[in-house]
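**Student:** Following this message is one structure expressed as structure tokens.
Readers should treat all values here as calculations from the given coordinates under stated rules, not as data from a laboratory. It should be emphasised that the depicted structure is a prediction, and the values quoted were computed from it without experimental measurement. Methodologically, a virtual Cβ is constructed for each residue, glycine included, from the backbone with ideal geometry; neighbour enumeration extends over all protein chains shown.
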Amino acid sequence: MGEPFYITTAISYPNGRPHIGHAYEAIAADAIARFQRQAGRDVRFQTGTDEHGLKMVQTARDKGMEVRALADEMSSYFQAMCDDLRISYDRFIRTTDADHHRASQAIWQAMADAGDLYLDRYEGWYSVRDEAFYDEKELVDGEGGVKLSPQGTPVTWTAEETWFFRLSKYQQPLLDLYAANPDFIRPESRRNEVMRFVEGGLSDLSVSRTSFDWGVPVPGSPGHVMYVWVDALTNYLTGAGYPDGDMPYWPADLHLIGKDIVRFHAVYWPAFLMSAKIALPGTVFGHGFLLHRGEKMSKSLGNVVDPGDLARAFGVDGLRYFLLREVSFGQDGSYSAEAIVTRVNAELANAFGNLAQRTLSFIAKNLGGTLPEAGRVEDADGQLIEEVVVACAGLKTAFGDLMLSQGIEAWLRGVYACNQYIDAQAPWSLRKTDPERMHAVLRTLVRAIRMLAIAILPVVPEGAGRILDLLGVEARDHAAIDDDGWYQRHVDAGFVLAAPTAAFPRLELPAAEPEP
Ligand code: ME8
């Protein structure tokens, strides 16, 4: 087993059903997890649901449900979404899990032992939607003089006795952390935002609540439950085995989250960990938001679509490919049915899928499925393989640096090179005139398609997997991409190809977009 690589998504609030933003985050994390597995890392991948807090209590009340019943039902939809989208998680954590309560109480105790928790009275502004406390100076005026959080959500005045965490004590250690580790917060723009926020001074943080009891009980303090973000952030440790054992996957390599919750992950979380004397994660990456036709998704606009419907309409691979290719990772992006259909058809179905389909069915039809021997090799063959090797290496470098869209773009250059080659070499017209040359061309194409399919597996596991199955390719790691001998070994073994079916079908624009 290689070196551990621990990747997490945010855990979602199960106060409603999953939306495309949740799907996007899960898909991106999954592509990175699959990529790192291919690179030989011992990957641990965690996602799940964040089930405590006032938002859950209020939603359950509005629906006339028990909070636990709401959490159970909605959490199951999140897990089903992950399964539908082929998310290869190792654990789907629920913050109501027993081991999570234990981990949360353990980190609490460690922060108390460090002298960083004290009891006082909290008076200030709270946004239930964000589950966040805000300073007066951060608020903005909404319509009719209503006060809103910087995220535009309503805030209410809260006054209660709570435990406080000495966040102020960690201002300088945090600034030192950011200075020493430029990759701790990515991308750069989010890093700058966080640094400005911390430089502006940190107030101590209220970390318990007494006005409701749906949460993790504070050890030794009856009537107090932990502030939901204390327990939510701790999920990453729970999944690593905290507080028992040697935690081989900790510290996490990558917390993948959305831009709206960077402050919790890049300020509160490292401060809690420093206080509890636990190693800090490597990188917090705040991805952008997904918009629908350039507009924010919201229930009132009626444009919140079930990711399952999108996957049914465009295919799991289609949706995954579109999201990772279209959006420059870290920035906001927009989707629409037309944009998905256009991109998937042009790049996945026509450029790559058709290349594989044409080549493999030609071999099935004209050579009875036997892979051709070397034939008469020309310079163009070696040049194509070289271009494909460079394209796959480009994907590898980019994915290793979380530049997902650029990685796919590098890969596409290899696909386009194959298409130019197939048109220039025209194996169909060589069939009668020059079969020796045709053999060399087909052999080159099969080698190229195999490499391209392995490289793109993390993005489109189903279709690329199907092509590799057809070709009888078992080893699918990065080293296998460069395995020169694979082709000849298959020929020597007398491999016969089955008649192929399209791995990446063309999409039709649905008559109506999937409805909310
Ligand atoms: O924030 N586009 O949960 P959540 C892209 N429970 N990403 C989006 C998005 C959009 N339109 N909308 C939301 C929470 N997200 C907390 C996290 S972690 C210890 C606790 C992202 O259900 C969002 O940024 O509101 C977050 O990373 C994730 O979806 C879950 O959001």
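**Student:** Take every DSSP beta bridge whose two residues both sit in the stretch 73-192, then give the antiparallel share in percent to the nearest 5.
**Tutor:** 100 percent
**Student:** Where a ≥ b ≥ c are the square roots of the eigenvalues of the C-alpha gyration tensor, would you call the stretch 4-287 rounded, which needs a/c under 1.5, or, failing that, prolate if a/b is larger than b/c, or oblate?
**Tutor:** Cα axes put the stretch 4-287 in the rounded bin.
**Student:** Counting only DSSP beta bridges with both residues in the chain, tell me the antiparallel percent, nearest 5.
**Tutor:** If we restrict to bridges inside the chain, about 50 percent are antiparallel.
**Student:** Along the stretch 489-496, what does the Karplus equation 6.51 cos²θ - 1.76 cosθ + 1.60 (θ = phi - 60°) give for ³J(HN,Hα), rounded to whole Hz, x for Gly and Pro?
**Tutor:** Per-residue couplings from phi come out as 4, 5, 5, 4, 7, x, 4, 10 Hz.
**Student:** Just subtract the alpha-carbon distance of residue 506 and residue 331 from 0.36 nm times their residue separation and send over the number in nm, one decimal.
**Tutor:** Value of the extension gain: 60.2 nm.
**Student:** Please arrange 139, 445 by counting, for each residue, the other beta carbons lying within 10 Å of its beta carbon, fewest first.
**Tutor:** Sorted ascending by nearby Cβ count, the order is 139, 445.
**Student:** Would you order 9, 162, 153 from fewest to most other beta-carbon atoms within 10 Å of each residue's own beta-carbon?
**Tutor:** Least crowded to most crowded, the residues run 153, 162, 9.
**Student:** Gain in length, residue 492 to residue 436, computed as 0.36 nm per residue apart minus the alpha-carbon separation, to one decimal in nm?
**Tutor:** So the chain would gain 18.4 nm between residue 492 and residue 436.
**Student:** Among the lysines, select those whose C-alpha is under 25 Å from the C-alpha of residue 137, and discard any that sit fewer than 8 residues away in the same chain.
**Tutor:** Once the sequence-local lysines are set aside, what remains near residue 137 is 55, 147, 169, 259.
**Student:** Just to verify a number: FRET efficiency for residue 153 and residue 102, C-beta to C-beta distance, R0 = 35 Å, to 0.05?
**Tutor:** About 0.65, to the nearest 0.05.
**Student:** Given a Förster distance of 51 angstrom, what is the FRET efficiency for residue 76 paired with residue 180, based on the Cβ-Cβ distance and rounded to 0.05?
**Tutor:** Efficiency for this residue pair is about 0.75.
**Student:** If amide hydrogens are placed 1.01 Å from N in the peptide plane, which non-local residues have theirs closer than 5 Å to the one on residue 132?
**Tutor:** Amide H neighbours of residue 132, under 5 Å, 5+ apart: 127.
**Student:** Residue by residue through the stretch 29-34, which ³J(HN,Hα) values in whole Hz follow from phi under the Karplus form 6.51 cos²θ - 1.76 cosθ + 1.60 (θ = phi - 60°), with glycine and proline marked x?
**Tutor:** Working through the residues one at a time gives 5, 5, 4, 5, 4, 5 Hz.
**Student:** Considering amide H positions built from the backbone, and no H for Pro or chain starts, which residues 5 or more places from residue 185, or on another chain, come under 5 Å of its amide H?
**Tutor:** Placed amide hydrogens put 284 under 5 Å from residue 185.
**Student:** Run the helix sum for the chain: -39,500 (n - 2.57) per DSSP H stretch of 4+ residues, divided by residue count, reported at 222 nm to the nearest 500 deg cm²/dmol.
**Tutor:** Taken over the chain, the calculation gives -14500 deg cm²/dmol.
**Student:** With θ set to phi - 60° and the Karplus curve 6.51 cos²θ - 1.76 cosθ + 1.60, what are the ³J(HN,Hα) couplings of the stretch 151-162 in order, to the nearest whole Hz, using x for Gly and Pro?
**Tutor:** 8, x, 9, x, 10, 10, 6, 10, 9, 7, 6, 9
**Student:** Next up: In terms of modelled amide H atoms, which long-range or inter-chain residues lie less than 5 Å from the amide H of residue 333?
**Tutor:** 289, 290, 291
**Student:** For the residues 257, 7, what sequence is obtained by ranking on other C-beta atoms within 10 Å, fewest first?
**Tutor:** Ordered by Cβ neighbours within 10 Å, fewest first: 257, 7.
**Student:** How far, in nm, would the chain grow between residue 361 and residue 339 when pulled straight, counting 0.36 nm per residue and subtracting the alpha carbon separation?
**Tutor:** Gain on stretching residue 361 to residue 339: 5.0 nm.
**Student:** Under a point spin-label approximation (7 Å from Cα along Cα-to-Cβ), what is the residue 141-residue 69 distance to one decimal in nm?
**Tutor:** 4.5 nm
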